[in-house]
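Working notes, structure below.
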Amino acid sequence: MATTELYATPSSVAFNGAMTMHELVAPYEFLIGTWEGHGHGQYPTLDDFHYRETITFTATEGKPFLRYEQRTANSDGVAMHTEVGYLRPQESGHMEFVLAQPTGQTELLEGTATANDDGSLTMVLGYSEVRNTTTAKLVEHTMRHYVFDTHRTSVYTEYDMAAMGEEMQQHLSSELYKTV
């Protein structure tokens, strides 16, 4: 898929016959729905762990963003983490991601979405500004990678962070499949 095909959008796009999607969001319509799968985490300050992850994207008619919610649970179904925010596609594949976490951090991330020669899509949100509340564990920087398959039905994710005095390194990875 050529890069120009990914970003060429009409001024308004009907979604499910009832919603008009903003032109900046339309190329990312495939994100809308629920993605589920398993992941693995590690970090020098933690024991390795496995988790089940669910990510949901929803659209608001005519608005230039997608709402995002992420939840993880352990093998017994006990909640581990959650975060909410907004993915804000911009022109020419530039992306902004605004996130809030109940652990006391907010993340402002920026990066790009790139159509690859094999038809897959890579989103790298590599520039981050993290703010921590006064009682939160110190997280200094984050980076998020998403690689969507050619059919846009599965995604491999990686989350890197620099926290608690540790250098930037991979903390989480998951393989998610679109279920709804």
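The values are calculated or read from the model by the stated rules, or taken from the named source; none is laboratory data. Please read these numbers as outputs of a predicted model, since none were measured by experiment. In this analysis, Cβ positions are derived from the backbone assuming ideal geometry, glycine residues included, and neighbour counts consider all displayed protein chains. What goes into the accessible areas is simple: the full protein's heavy atoms, side chains included, and nothing from ligands, DNA or RNA. Shrake-Rupley method; radii C 1.70, N 1.55, O 1.52, S 1.80 Å.
What the table below lists for this structure:
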read-out	value
Pair list, Cβ < 7 Å and 6+ apart or interchain, from the range 102-124 residues that are closer than 28 Å to A163 by Cα to residues that are assigned to a loop (DSSP other than H, G, I, E, B) and β-branched (V, I, T)	G104/T133; G104/T135
Among residues of the range 97-109, those that are part of a strand (DSSP E or B) and open to solvent by 70 Å² or more (accessible area, probe 1.4 Å), counted	1
Which listed residue, of H50, H94, H81, is under 16 Å from the mean Cα position of the chain (by Cα), open to solvent by 40 Å² or more (accessible area, probe 1.4 Å) and over 27 Å from M21 (Cβ atoms)	H81
Strands (runs of 3 or more DSSP E) fully within the range 127-180 counting 2 or more residues that are in contact with a Leu (Cβ under 8 Å, 6 or more places away or on another chain)	139-148, 154-163
Breaking point among (1) open to solvent by 40 Å² or more (accessible area, probe 1.4 Å); (2) modelled with pLDDT under 95, for N74	(2)
Count of the range 53-67 residues which are in a strand (DSSP E or B), in contact with a Lys or Arg (Cβ under 6 Å, 6 or more places away or on another chain) and surrounded by 14 or more Cβ atoms within 10 Å (Cβ to Cβ)	1
